[in-house]
1. Out of all the residues in the range B:32-45, which are in a helix (DSSP H, G or I) and either at the interface with chain A (Cβ under 9 Å from one of its Cβ atoms) or surrounded by fewer than 24 Cβ atoms within 10 Å (Cβ to Cβ) (or both)?
2. Only one residue in B:Lys113, B:Lys131 is away from every other protein chain (no Cβ under 14 Å) and more than 17 Å from the chain's Cα centre (by Cα), so which one is that?
3. Quick check on this structure: which one of B:Leu157, B:Leu180 is without any contact (Cβ under 8 Å) to a residue 60 or more places away in the chain and aliphatic (A, V, I, L, M)?
4. Only one of these conditions is not met by A:Ala7: (1) buried (at least 22 other Cβ atoms within 10 Å of the Cβ); (2) among the aliphatic types (A, V, I, L, M); (3) not in a helix (DSSP H, G or I). Which number is it?
5. Residues A:Glu200, A:Glu172: which one is surrounded by fewer than 14 Cβ atoms within 10 Å (Cβ to Cβ), within 28 Å of B:Phe53 (Cβ to Cβ) and among the charged types (D, E, K, R)?
6. Would you mind stating whether B:Asp202 is touching a residue at least 40 places away in the same chain (Cβ under 8 Å) and among the acidic types (Asp, Glu)?
7. Do you know which residues across the range A:186-204 are of a type in the set (S, T, N, Q) and part of a helix (DSSP H, G or I)?
8. How about the range A:14-43: which of its residues are aromatic (Phe, Trp, Tyr), within 14 Å of another protein chain (Cβ to nearest Cβ) and surrounded by fewer than 16 Cβ atoms within 10 Å (Cβ to Cβ)?
Amino acid sequence: MKSYLTALRAIVFREAWRFINQRSRFFAALVRPMVWLVVFAAGFRAALGLSIIPPYQTYITYEVYIVPGLCGMIQLFNAMQSSLSLVYDREMGSMRLLLTSPLPRGWLLFCKILAGTAVSVVQVYVFLALAALFGIEMPAAGYVFLLPALVLSGLMLGALGLLISSTIRQLENFAGVMNFVIFPMFFLSSALYPLWKMAESSPLLRDICAFNPFTHAVELIRFSLYGQFNGAALLWVGISFSVFMAGALIGYDPSRGLQRLRQPGSR
Amino acid sequence: MTIFSVRNVSYSYGTKKALDDVTIELDAGRFCALLGPNGAGKSTLFNLLTRLFVTREGSIRIAGHDLAREPRKALAALGVVFQQPTLDLDMSVAWNLQYFAALQGLSGAQAKKRIEAALERLSMSERAREKVRELNGGHRRRMEIARALIHEPKVLLLDEPTVGLDIESRIAITDHVHDLTEAGLLVFWATHLVDEIRPADDVVVLHKGRILKHERAENLCAGASLQDAFKALTSGQIAEAEAG
């Protein structure tokens, strides 16, 4: 057991160190949601009317509405960044160190996504502190209840990133991930507009949003920020995590995974 | 004592056979060069030995452990130096060693002791805090070799470890690894450079996925240079294949 924790500590430290040393990544991770919050939300404030929906008990401004979505966005981008670094590590060779360790591969890959989650949690709290400076504050207890929700949503998105990394052959293909994963996941969710609003324009789009695991991650974050428990969102996030993680483990299993089929160049 | 055994291993990429019925048995304390031109199947074999790939055809045993049935025990007995460098260039020398030790499950005083010994072997104790980026290619390679030995494996695999190094570094690394066999370590060294092989070394000649020869280098030469013997073996196969 001790050896498992030793590996976990080393992997988390490595991820954190890399993040701290990539200042542009740290900066981008904060600027992106702040631009959405300060510029986009201000513009949409007048255009979008919001009714009172749980967990809100009163009318809220659009800026307040999109904060949980932006927390999710930070984690989504972070997970995809981690996925990118996994592909990079695999191309550069350092992933081999991890994959040839005598510790169980599943544990080491879980450590990897836990490390990415830890980094994303720090990013979210820094973002919330900045949002508070702009006057967008959450209930004090919400900041505490938020933590487990962020860990769960971070793990789910991290597992998705891991699954994607196991299917991407080259670093160059990663641009496709932006177009086909990040943008649809973000825009077809409750991050920017509530589902009932989406249903007004298209019930089909609403159904797609309701199916999107990212919607449930955002709702889990939203409810926890107000000290409320959203069981359905938790279940959905938990199931999604299990499915993505199982897929990633298959992808990284040398006997079953896609890796076996796609390395003819490495003879 | 046989410590490394590859029996009847085959591997294909789709319909193309990369390894065809490969069998290699090696004893502890030996230096064995896996000699083959580019595309011979050396990297495929290394990927199978390190369990990055698996095959259902044949079996691999390391230090008595079947790689398919007891992968963790087999991998624990294996030290690996990949052809591509696997160091974190912006981390310190000591941190790179610590990270590897942690991935092997080593921690605390035991890890510290092994890392200090590794740094001592490298004569790099004073440079432990330096970033790897500041080391030259030869030092980086030596560091990777020392790192692969931290968990005290019984078998050391090296996949063309001298590629891209100057002649001085190549000689130093080749000598260093030969010396390691004196303590009972089995070294399995993939290369296409015959000058890295000594007369008493075992040589396995791999060509087009098949083992052409496995014997001592001095016997393989039979008076000629190893280079000529290797050329004769592989070109003979090419001519044979073309004729066939």
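1. Within the range B:32-45, the first condition is being in a helix (DSSP H, G or I), and the residues that meet it are B:42-45.
B:Lys42, B:Ser43, B:Thr44 - these are the residues of the range B:32-45 that are in a helix (DSSP H, G or I) and either at the interface with chain A (Cβ under 9 Å from one of its Cβ atoms) or surrounded by fewer than 24 Cβ atoms within 10 Å (Cβ to Cβ) (or both).
2. Values: B:Lys131 fails: away from every other protein chain (no Cβ under 14 Å).
When all the criteria are applied, what remains is B:Lys113.
3. On the way: B:Leu157 fails: without any contact (Cβ under 8 Å) to a residue 60 or more places away in the chain.
Residue meeting the stated conditions: B:Leu180.
4. (3)
5. On the way: A:Glu200 fails: within 28 Å of B:Phe53 (Cβ to Cβ).
So the residue among A:Glu200, A:Glu172 that is surrounded by fewer than 14 Cβ atoms within 10 Å (Cβ to Cβ), within 28 Å of B:Phe53 (Cβ to Cβ) and among the charged types (D, E, K, R) is A:Glu172.
6. Numbers: touching a residue at least 40 places away in the same chain (Cβ under 8 Å): yes; among the acidic types (Asp, Glu): yes.
For B:Asp202, the condition - touching a residue at least 40 places away in the same chain (Cβ under 8 Å) and among the acidic types (Asp, Glu) - is met.
7. Taking the range A:186-204 and keeping what is of a type in the set (S, T, N, Q), we get A:189-190, A:201-202.
Selection gives A:Ser201 alone.
8. Taking the range A:14-43 first, the residues aromatic (Phe, Trp, Tyr) are A:17, A:19, A:26-27, A:36, A:40.
Narrowing the set further to residues that are within 14 Å of another protein chain (Cβ to nearest Cβ) leaves A:17, A:19.
Across the range A:14-43, the qualifying residue is only A:Trp17.
The values are calculated or read from the model by the stated rules, or taken from the named source; none is laboratory data. If you're wondering where the values come from, they're calculated on a predicted model, not measured in any experiment. For neighbour counting, all protein chains shown are included, and Cβ atoms are generated from backbone atoms with ideal geometry for every residue, glycine included.
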